[in-house]
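The values are calculated or read from the model by the stated rules, or taken from the named source; none is laboratory data. The structure displayed is predicted, hence computed values, not measured ones. Cβ coordinates were reconstructed from backbone atoms using ideal geometry, including for glycine residues, and neighbour counts include every protein chain displayed.
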Amino acid sequence: MGTGKLFSMSDATMRVLERIDHPEFWDHIDRAVPFFTEHEEEVEVEEGKKVVIKVDKDRLHQILDQILTVERTTGTLPIITEGHRIPLKNYPEAKQPDILGVMANARMGTFGPEKKLAIVGDPHYYQGKFQRAKEYPFRSAEVYLPELDPETPYANQLTAVALLKKDPRQNMGVVAYERPNHGHFSREAKAYFFAIGDEPGLEEEFEEQFLRCSRKHFPHLEKYHHEHMAKHYALHAAAPGGVTPPHAVGVEPEKKMQAGHFDRDEIVAQFERDLTALRTDLEKKHQEELTKVSVRVVQLETERAALQRDNQFASFERDLIALRDVEGLDIDPAVELAEAKEENLAPERFAKRIESLKRNARKTPVTPFGRPGAPTAFAGPSDPALLARKNNKPVTGKMVTDAMLQAKQGEDVATAFQRINGFEMPPQ
């Protein structure tokens, strides 16, 4: 009998079983892979309450019998999934993990150097799925155990083998068991997001936990969430068949809408949108403030440079005045300063300009009557010529300069000249 005729005569379920013996229909087939072993473990089913899960030889046979019974009566094999399934009532099927194949030919066997007893099977991977399966080094069986749910109608049924990249951590009811691809089981661990059956109240528990986490980790969103999300919930409740959450952040639980509790996926999506909008707004404000600060920094730098330049020119002007008044050079400090500013003379060139003036500028002789362009030392009855005649002594330019430089605070030059040189002042 040809394969085409064989498969066309059977229903869809039977065709899967019939193809088990035909390797050409599968992407890859492994042989004798252990996926459930005898063990004993204490599991916490709820806070403060623990139960002991004991899987011995007899228990393994019970689970194997269930696998074979389901296969014989319904034609269903344990499926192989890309990660664990999420058995929540309202969880979208489109988000469930992909099915990569089936676990066929379940039987008792052993594995490892110690010949440990286990249920083994032959993983059959659908076409195009094996390359993805190779990325997951651990296997985790999904088993319904009466110790965790005494009322489950699926006691001891193993319905799937999940492929994982890391050990599952959290316990929500179903116990999972992993092994690396090299053939040795790792320690028994618990599935991270599983519950037995379809427990009522699971959605409410998730929502309560989600909101607690929101308040703890995002306290700054409470005011924003209360102000903006309340309108969103009201719109949902007002629409036909609309739903609203049991409570939003900052909204009392008593304000639940009778239409039913909130869609978990919608609040997660809305929360992510709110968080993204808030982050965008904060980044925009941060950028605006940063721009303002940058502009102000540029302004301050410009002002600082201008003040520094003014101070440098003021220092240069003092040096020019000293050249004229102290060293007697025939220069005009105002003209020299204006030329330096017009040339935008760099501060490091001020000293060179001063030295150049010292070398090249003509000196003006200092007379008893002062220098041209310099402040007059004496005037009227205190004129140096009168002093010289009165005291029968010569008056030199150095004597006048010394008097100008050594005059005390509040003392005029003539008085300083008399004090320093011992001259008598002529009568007024």
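Select from segment 32-50 the residues that are touching a residue at least 60 places away in the same chain (Cβ under 8 Å) and among the acidic types (Asp, Glu) and write down the one among them that is farthest from residue 159 (Cα to Cα).
Start the filter on segment 32-50 by keeping residues that are touching a residue at least 60 places away in the same chain (Cβ under 8 Å), which leaves 32-39, 41, 43-45.
With the extra rule that they be among the acidic types (Asp, Glu), the set shrinks to 38, 41, 44.
Working: 38: 18, 41: 21, 44: 22 Å.
Among those that are touching a residue at least 60 places away in the same chain (Cβ under 8 Å) and among the acidic types (Asp, Glu), it is 44.
Quick check on my filter: what residues within segment 397-406 are exposed (fewer than 15 other Cβ atoms within 10 Å of the Cβ) and closer than 18 Å to residue 363 by Cα? Spell out the reasoning first.
Keep residues of segment 397-406 that are exposed (fewer than 15 other Cβ atoms within 10 Å of the Cβ), which gives 398, 405-406.
Matches in segment 397-406: 398 only.
At pLDDT below 95, touching a His at 6+ places or on another chain (Cβ under 8 Å) and of a type outside the set (D, E, K, R) - does that describe any residue in segment 69-82?
No, that holds for no residue.
Which residue pairs have Cβ atoms under 8 Å apart, sit 6 or more places apart or on different chains, and have a first residue in segment 128-140 that is closer than 15 Å to residue 29 by Cβ and modelled with pLDDT of 90 or more and a second that is exposed (fewer than 15 other Cβ atoms within 10 Å of the Cβ) and of a type outside the set (Gly, Ala, Ser)?
Taking only residues 6 or more apart or on different chains, the pairs are 129/98.
Would you check which residues across segment 293-310 are among the basic types (Lys, Arg) and farther than 21 Å from residue 346 by Cα and list them?
Kept after step one, since they are among the basic types (Lys, Arg), are these residues of segment 293-310: 296, 304, 309.
Selection gives 296 alone.
For every residue, the table says whether it meets (1) in a strand (DSSP E or B); (2) among the basic types (Lys, Arg); (3) under 28 Å from residue 110 (Cβ atoms).
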{"site": "35", "(1), (2), (3)": "yes, no, yes"}
{"site": "41", "(1), (2), (3)": "yes, no, yes"}
{"site": "50", "(1), (2), (3)": "yes, yes, no"}
{"site": "54", "(1), (2), (3)": "yes, yes, yes"}
{"site": "62", "(1), (2), (3)": "no, no, yes"}
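Here is a list: 114, 71. Which entry is assigned to a helix (DSSP H, G or I) and assigned by TED's automatic domain parsing to the domain that holds residue 22? Reasoning before the result, please.
Numbers: 114 fails: assigned to a helix (DSSP H, G or I).
The match here is 71.
(1) under 26 Å from residue 131 (Cβ atoms); (2) at pLDDT below 95; (3) not in a loop (DSSP other than H, G, I, E, B): which one isn't true of residue 85, the others all being true?
So residue 85 meets the others, but not (3).
Sort out which residues of segment 281-320 are of a type in the set (Asp, Glu) and more than 44 Å from the chain's Cα centre (by Cα), and write them in order of number.
Across segment 281-320, the qualifying residues are 310, 317, 319.
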